[in-house]
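S.K.: Would you mind keeping the following structure in view while I ask a few things?
Every number here is computed from the coordinates shown, using simple stated rules; none is lab data. Not measured: the values here are computed from a predicted model. Don't worry about glycine lacking a Cβ; one is built from the backbone with ideal geometry, like all the others, and counts go over all protein chains shown.
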Amino acid sequence: MTSGSDDYRDAGLGFPHDFVLGSATASYQIEGAWDEDGRGPSIWDTFSKTPGRVVNGDTGDVASDHYHRLDEDLDVMKNLGLEAYRFSISWPRIQPSGKGPINAAGIDFYSRLVDGLLARGIRPIATLYHWDLPQPLEDAGGWPNRDTAFRFAEYAAIVGEALGDRVHTWTTLNEPWCSAYLGYAAGAHAPGRSSGADALAAVHHLNLGHGLALQALRSVVSNNAQFSVTLNFHVIRPGSIGSDEAVRRIDALANRAFTGPMLRGAYPDDLIDDTRKITDWSFVLPGDLETINQPIDILGVNYYSTTTVQMWDGRKARQTADGHKDAGGTPWPGSEMVEFIQQPGPYTSMGWNIAPEGLEDLLLDLHRQFPAQPLMITENGAAFEDELVEGAVHDVKRIDYLRRHFTAAHRAMQRGVDLRGYLVWSLMDNFEWAYGYTKRFGIVYVDYTTLKRTVKDSGHWFSELVQSRRIPE
Ligand code: FCB
């Protein structure tokens with residue numbers, strides 16, 4: 001075996017046979033067909049159609065047109081040799097008004113997707129919520145409103161009834177950090193609100209929704225499915241001034257606000273202290289923490305880059321390089337005095353720094369904190385300026401990014417981390433939220449004029465990795 005080198009480009013590393021290799025997408029980012037077959041509006045329809053919210057005024061109306069190209073996309077996955085596919089279910093396709101009547105056409109679409117995966121030998125990993133809240137639920141208060149958590153459990157039971165004989169792994173939420181803080185405090189994501197108090201209430205109701213949905217799913221599924229949640233952990237590095245305090249505060253808001261209740265059964269005391277001027281946390285009712293704190297089979301880890309923080313000394317302009325589109329608000333309620341410092345490069349075209357060692361550190365840290373908890377990388381990947389030339393996309397930078405992050409994952413496993421799989425973000429180019437179609441993350445290229453799919457070089461490379469179970473040369 002090649003000994004570890006610092007550039008994370010070790011040669012010849014192999015993965016065990018039961019290590020699951022696949023890719024991921026999300027409903028609003030790929031499906032399109034926004035008003036077809038009974039689908040109701042989601043907060044992302046409203047947000048993307050509000051001028052100034054998304055780059056170029058892009059919307060998910062057509063997206064990658066996956067809704068109409070299901071079979072073609074399933075064949076793409078099969079040809080790549082994927083072992084697992086992580087997709088999300090659009091709540092407003094299942095319940096157009098967020099509660100009550102079920103839209104049979106919505107169930108049918110996901111049923112065909114799951115059957116199509118199984119027919120091709122691909123493991124279905126279904127996320128219930130990847131940010132497309134039915135608009136009527138936002139109109140009723142959204143995630144800051146406690147009732148939304150109960151509506152989410154009702155929706156989970158409906159989907160669990162319909163697909164609970166075939167889905168291999170259920171994921172309740174994708175990145176509740178983004179839903180709560182980018183959606184309700186920073187205003188950078190739907191629904192575009194900017195209230196720290198609302199964001200913290202949203203944190204709790206997302207956590208509660210996770211617990212209630214797990215209970216609902218467990219009571220209806222008929223196979224021996226696995227249950228999970230996916231979090232976007234912040235790997236936080238110290239800058240200089242007051243760094244310990246800055247790291248602690250951001251770790252509390254970003255990471256422990258979710259792992260605390262979900263995996264330990266309590267909110268961290270320091271999180272509650274840090275935010276006391278904004279909220280008294282009276283939305284946490286007796287019994288909630290027991291509901292939220294349930295065993296999960298897999299903890300999903302999304303990782304892209306690192307974050308460096310320090311306390312602002314007040315004498316110069318505060319830096320806010322936190323990696324998300326600036327919408328005026330802060331995603332860090334109560335910690336506005338923390339500065340987010342520009343990371344050393346190189347960068348992807350998101351401006352996110354490339355730091356494979358951050359992934360290794362994160363996996364080791366999670367393993368240290370939760371030694372008995374199996375982990376899976378549910379998203380990792382990169383946006384670069386891809387060009388389709390004569391039917392090919394030579395995305396060497398993406399291959400290099402993936403190579404180095406696979407190496408990081410391998411090193412973590414060698415050091416004892418129970419890592420069960422790795423899903424590349426993303427199967428295909430798609431609607432990258434507030435950045436619209438300007439950022440391409442796919443290992444499959446989508447021509448947005450013709451909607452034609454072309455496997456990028458990174459797709460071929462990944463395919464080789466899956467087949468050989470070794471990081472290709
Ligand atoms: C994650 C999201 C995913 C995608 C990637 C780039 O935060 O879960 O939908 O946008 O970032």
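S.K.: What number, in percent, do you get for the relative contact order of the chain if the mean sequence gap of Cα pairs under 8 Å and at least 6 apart is divided by its residue count?
M.R.: In percent, rounded to a whole number, it is 19.
S.K.: Related question: Of all beta bridges DSSP finds with both residues in the chain, what is the antiparallel percent, to the nearest 5? Provide the component values of the computation, followed by the final result.
M.R.: Numbers: 11 of 48 bridges.
Roughly 25 percent of the DSSP beta bridges within the chain come out antiparallel.
S.K.: Around VAL229, what is the net charge, scoring Lys/Arg as +1 and Asp/Glu as -1 over all other residues with Cβ under 11 Å from its Cβ?
M.R.: -2
S.K.: Please give the calculated 222 nm ellipticity per residue for the chain, where each DSSP H segment of at least 4 residues contributes -39500 (n - 2.57) and the sum is spread over every residue; nearest 500 deg cm²/dmol?
M.R.: Theoretical 222 nm ellipticity from helices: -10000 deg cm²/dmol.
S.K.: Follow-up. Would you mind checking which residues have amide H under 5 Å from GLN310's amide H? H placed 1.01 Å from N; only 5 or more apart, or other chain.
M.R.: Distant-sequence amide H within range of GLN310: GLY239, GLU339, ILE341.
S.K.: Related question: For the chain, just say rounded, prolate or oblate: build the C-alpha gyration tensor, square-root its eigenvalues into a ≥ b ≥ c, call rounded for a/c under 1.5, and beyond that prolate if a/b exceeds b/c, oblate if not. It would help to have the intermediate numbers written out before the result.
M.R.: On the way: a/c = 1.31, a/b = 1.06, b/c = 1.23.
Taking the square roots of the gyration eigenvalues as a ≥ b ≥ c, the chain is rounded.
S.K.: Would you mind checking the range 180-215 for residues with the amide N under 18 Å from a putative spin-label position 7 Å along Cα→C-beta of LYS99?
M.R.: Once the point is set 7 Å along Cα→Cβ of LYS99, 202, 205-206, 208-210, 212-213 turn out to lie under 18 Å by backbone N, inside the range 180-215.
S.K.: Among 212-223, 46-57, what's the highest-first ranking by average C-beta atoms within 10 angstrom per residue?
M.R.: Ranked from most to least packed, the peptides come out as 212-223, 46-57.
S.K.: To continue, here is another question. Give the peptides 112-124, 83-95 in descending order of average Cβ contacts within 10 Å, highest first.
M.R.: Peptide ranking by packing, descending: 83-95, 112-124.
S.K.: Full-extension gain between SER222 and ASP447, please, as 0.36 nm times their residue separation minus the C-alpha to C-alpha distance.
M.R.: 77.0 nm
S.K.: Still on this structure: Using a cut-off of 13 Å between beta-carbons, work out the net charge of the residues near GLU339 (Lys and Arg +1, Asp and Glu -1, GLU339 not included).
M.R.: Charge balance in the 13 Å sphere: +1.
S.K.: Measure off 7 Å from each Cα along the Cα-to-Cβ vector at ASP457 and LYS316, then give the distance between these two points in nanometres to one decimal.
M.R.: Each label point is offset 7 Å from its Cα along the Cβ direction, giving 3.9 nm.
S.K.: Where Lys and Arg each count +1 and Asp and Glu each count -1, what net charge lies around PRO295 among other residues with Cβ under 15 Å from its Cβ?
M.R.: The answer is -1.
S.K.: Holding the Cα-Cα limit at 19 Å, pick out from LYS397/LYS439; LYS49/LYS325; LYS397/LYS452; LYS277/LYS325; LYS49/LYS452 the pairs that are longer than that.
M.R.: Details: LYS397/LYS439 14 Å; LYS49/LYS325 17 Å; LYS397/LYS452 22 Å; LYS277/LYS325 26 Å; LYS49/LYS452 25 Å.
Exceeds cut-off: LYS397/LYS452; LYS277/LYS325; LYS49/LYS452.
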